[in-house]
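A.B. asks: Right, I'll just put the structure down here and ask away after.
The values are calculated or read from the model by the stated rules, or taken from the named source; none is laboratory data. What you see is a predicted model; the values in this text were computed from it and never measured. We place every Cβ from the backbone using ideal geometry, glycine too, and count neighbours over all the protein chains shown.
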Amino acid sequence: MSATRLPGTPRLLRALNDRAALELLLERGPLTRARLGELTGLSKVTASQLVERLEERGLVSRVGEQAGGRGPNAQLYAVRPSSAHVVGVDVGPDRVVAACADITGAVIGRVEQSTRDTDDPVGVVHNAVVQAASSAQAQLSSVRRIVLGTPGLVDPGTGDITFAFNLPRWHSGLLAALRDDLHTPVVFENDVNLAAVAEAQSGAAQGLSDFVLVWVGAGVGLAIMLGGRLHHGSSGAAGEIGYLPVPGAPIPRDVSRRAKPAFQQLIGADSVRAVAREQGYPDADAAEGVRAAVADGVNGGAMLDELARRLALGVASTCVVLDPPLVVLAGEVGQAGGEALAERVQQEVAAITLVRPRVVPTGLTEEPILHGALRTALDAVRDEVFGSTVG
């Protein structure tokens, strides 16, 4: 019985080789045709055909020559940065920050706008995206995807935002309105989830496929990364740790009335400021009070111990269910607490549960939500662009 030849197999192999070459050029470029052949295991002829194909498609370009050896210098090739662009947007209650990156991941444009004087979310996002692309000298038509990080839940079915209490004008139907307005794929994602994406890429969770990130700032949130993928849950509510019923705080019976949930009462910014006030530290800003306690050395231990005791209730509950190897403390308070707070939380979790995850502070200091949005957009666009190289 003769073997059945799979239709399209040569085309599939070419596409896989193209994708591998493009990824290598992103990570290690610029490269010569010969070097690409060595790294991909392809023959010289096949590697040359591959480069010609990618050059014809406008995905790679010649960027110089490599001197040395006999004969003419070898041409160097790199991914063509302008072959596609993405825009990431960090949406907060008072401001919107948008950044534009080319397909190599280089951030080449950024704008920041206040949202205090407007009640038009479509107009706000439109202006931010257009200005970010303009500052990057990129045509809006070259922007292949826009990812917006926002508070609240993202409905897995519709992609719309729900329960974004800090953004009362951001409502169901907004996603379709933005897509119609911008004529570009637009995606919403929870802001804490995007912070975890950034942490996995270039923060404290690099190289780990399983970890959780706890965000402690004005709000409290949790991102769950399992097998290298974000876990959203059936309704998009996975990680809404602020609603966790915990000892020491009353449990509201109607969350739709914006009653402050239990764990949020215990460790949210208002509570952190209250603890700082009791301990004699600055209380105008939650992170400022925590930094003051850390800087006070031994004398600040009582405040950090109290925060760790409270925070460990939520971390322990999460870790008993998921048993992750790593917990990252992020957000304004998590970052301000640094190693001093993280070590105390790790010890407290180990004391009250059977699991012993490593607890560390975030490895990122600037705009993790924005960088997570850009990374999410880039991953999707590279799949689209790099996955369609064979006509």
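A.B. asks: Can you find, within the stretch 119-147, the residue that is surrounded by the most Cβ atoms within 10 Å (Cβ to Cβ) among those that are touching an Asp or Glu at 6+ places or on another chain (Cβ under 7 Å) and part of a strand (DSSP E or B)? Give the steps one after another, and end with the answer.
C.D. replies: The initial filter retains those residues of the stretch 119-147 that are touching an Asp or Glu at 6+ places or on another chain (Cβ under 7 Å), namely 122, 126, 144, 147.
Now narrow it down to the ones that are part of a strand (DSSP E or B): 144, 147.
Working: Arg144: 20, Val147: 27.
Within the stretch 119-147, the match that is surrounded by the most Cβ atoms within 10 Å (Cβ to Cβ) is Val147.
A.B. asks: Let me ask you something else. Being in a helix (DSSP H, G or I), of a type in the set (A, V, I, L, M) and either in contact with a Pro (Cβ under 7 Å, 6 or more places away or on another chain) or touching a residue at least 24 places away in the same chain (Cβ under 8 Å) (or both) narrows it down to one of Leu213, Leu222, Leu266, Leu175, so name that one. Spell out how you get there, then give the answer.
C.D. replies: Numbers: Leu213 fails: in a helix (DSSP H, G or I); Leu222 fails: in a helix (DSSP H, G or I); Leu175 fails: either in contact with a Pro (Cβ under 7 Å, 6 or more places away or on another chain) or touching a residue at least 24 places away in the same chain (Cβ under 8 Å) (or both).
Exactly one residue qualifies, and that residue is Leu266.
A.B. asks: State the number of residues belonging to the stretch 155-174 that are modelled with pLDDT of 85 or more and either in contact with a Lys or Arg (Cβ under 7 Å, 6 or more places away or on another chain) or under 15 Å from Ala377 (Cβ atoms) (or both).
C.D. replies: Result for the stretch 155-174: 1.
A.B. asks: Confirm whether Val212 is at pLDDT 90 or above and more than 28 Å from Arg273 (Cβ to Cβ).
C.D. replies: Numbers: at pLDDT 90 or above: yes; more than 28 Å from Arg273 (Cβ to Cβ): no.
Taking the combined requirement at face value, the residue does not satisfy it.
A.B. asks: Run down Leu378, Leu354 and say which single residue is on the phi < 0 side of the Ramachandran plot, touching a residue at least 24 places away in the same chain (Cβ under 8 Å) and buried (at least 16 other Cβ atoms within 10 Å of the Cβ).
C.D. replies: Within the list Leu378, Leu354, the selection yields Leu378.
A.B. asks: While we're here: Here are some conditions: (1) closer than 23 Å to Val154 by Cα; (2) modelled with pLDDT under 95. Gly227 meets all but one. Which one does it not meet?
C.D. replies: Every condition holds for Gly227 apart from (2).
A.B. asks: When you scan the stretch 194-250, how many residues do you find that are hydroxyl-bearing (Ser, Thr, Tyr) and either surrounded by 19 or more Cβ atoms within 10 Å (Cβ to Cβ) or farther than 17 Å from Val328 by Cβ (or both)? Before the answer, list the steps.
C.D. replies: The initial filter retains those residues of the stretch 194-250 that are hydroxyl-bearing (Ser, Thr, Tyr), namely 202, 209, 234-235, 243.
With either surrounded by 19 or more Cβ atoms within 10 Å (Cβ to Cβ) or farther than 17 Å from Val328 by Cβ (or both) added as a condition, the list becomes 234-235, 243.
Final tally of qualifying residues: 3.
A.B. asks: Still on this structure, please answer the following. Within the stretch 308-336, which residues are more than 13 Å from Val290 (Cα to Cα) and free of Cβ contacts under 8 Å to residues at least 60 places away in the same chain?
C.D. replies: Arg309, Ala312, Ala316, Val320, Val321, Asp323
A.B. asks: If we scan the stretch 54-68, do we find a residue that is crowded, with 18+ Cβ neighbours inside 10 Å, in a strand (DSSP E or B) and in contact (Cβ under 8 Å) with a residue 24 or more places away in the chain? Break it down into steps so the answer makes sense when it comes.
C.D. replies: Within the stretch 54-68, the first condition is being crowded, with 18+ Cβ neighbours inside 10 Å, and the residues that meet it are 54, 59-60.
Pick out the ones that are also in a strand (DSSP E or B) and you get 60.
Retained after the next criterion (residues that are in contact (Cβ under 8 Å) with a residue 24 or more places away in the chain): 60.
Scanning the stretch 54-68 turns up at least one residue that is crowded, with 18+ Cβ neighbours inside 10 Å, in a strand (DSSP E or B) and in contact (Cβ under 8 Å) with a residue 24 or more places away in the chain.
A.B. asks: For Gly372, indicate whether it is assigned to a helix (DSSP H, G or I), modelled with pLDDT of 95 or more and touching a Leu at 6+ places or on another chain (Cβ under 7 Å).
C.D. replies: Values: assigned to a helix (DSSP H, G or I): yes; modelled with pLDDT of 95 or more: yes; touching a Leu at 6+ places or on another chain (Cβ under 7 Å): yes.
Yes.
A.B. asks: Next question. Pull up the stretch 225-263, narrow it to residues that are charged (D, E, K, R) and assigned to a loop (DSSP other than H, G, I, E, B), then point me to the one that is farthest from Gly92 (Cα to Cα). Full working, then the answer.
C.D. replies: Taking the stretch 225-263 and keeping what is charged (D, E, K, R), we get 229, 240, 253-254, 257-258, 260.
Next, from what is left, pick out any that are assigned to a loop (DSSP other than H, G, I, E, B): 240, 253-254, 258, 260.
Details: Glu240: 17, Arg253: 27, Asp254: 25, Arg258: 18, Lys260: 19 Å.
Here the answer is Arg253.
A.B. asks: Select from the stretch 148-158 the residues that are touching a His at 6+ places or on another chain (Cβ under 9 Å) and assigned to a loop (DSSP other than H, G, I, E, B) and list them in ascending order.
C.D. replies: Listed by number, the list holds a single entry, Pro156.
A.B. asks: Would you confirm, using the coordinates I've provided, whether Val275 is in the same structural domain as Ser317 (by TED's automatic domain parsing), assigned to a helix (DSSP H, G or I) and surrounded by fewer than 20 Cβ atoms within 10 Å (Cβ to Cβ)? Talk me through it step by step, then tell me what you get.
C.D. replies: On the way: in the same structural domain as Ser317 (by TED's automatic domain parsing): yes; assigned to a helix (DSSP H, G or I): yes; surrounded by fewer than 20 Cβ atoms within 10 Å (Cβ to Cβ): no.
So Val275 fails the test.
A.B. asks: Could you figure out which of (1) buried (at least 22 other Cβ atoms within 10 Å of the Cβ); (2) within 30 Å of Val79 (Cα to Cα) isn't true of Val349?
C.D. replies: (2)
A.B. asks: Please specify each residue of the stretch 76-97 satisfying the condition of being surrounded by fewer than 20 Cβ atoms within 10 Å (Cβ to Cβ) and assigned to a strand (DSSP E or B).
C.D. replies: Answer for the stretch 76-97, where residues must be surrounded by fewer than 20 Cβ atoms within 10 Å (Cβ to Cβ) and assigned to a strand (DSSP E or B): Leu76, Ala78, Arg95.
A.B. asks: Shifting gears a bit: Checking the conditions here, which among Asp285, Asp270, Asp323 is within 29 Å of the chain's Cα centre (by Cα), at pLDDT below 95 and under 25 Å from Ala204 (Cβ atoms)? Working first, answer last.
C.D. replies: Working: Asp270 fails: under 25 Å from Ala204 (Cβ atoms); Asp323 fails: at pLDDT below 95.
So the residue among Asp285, Asp270, Asp323 that is within 29 Å of the chain's Cα centre (by Cα), at pLDDT below 95 and under 25 Å from Ala204 (Cβ atoms) is Asp285.
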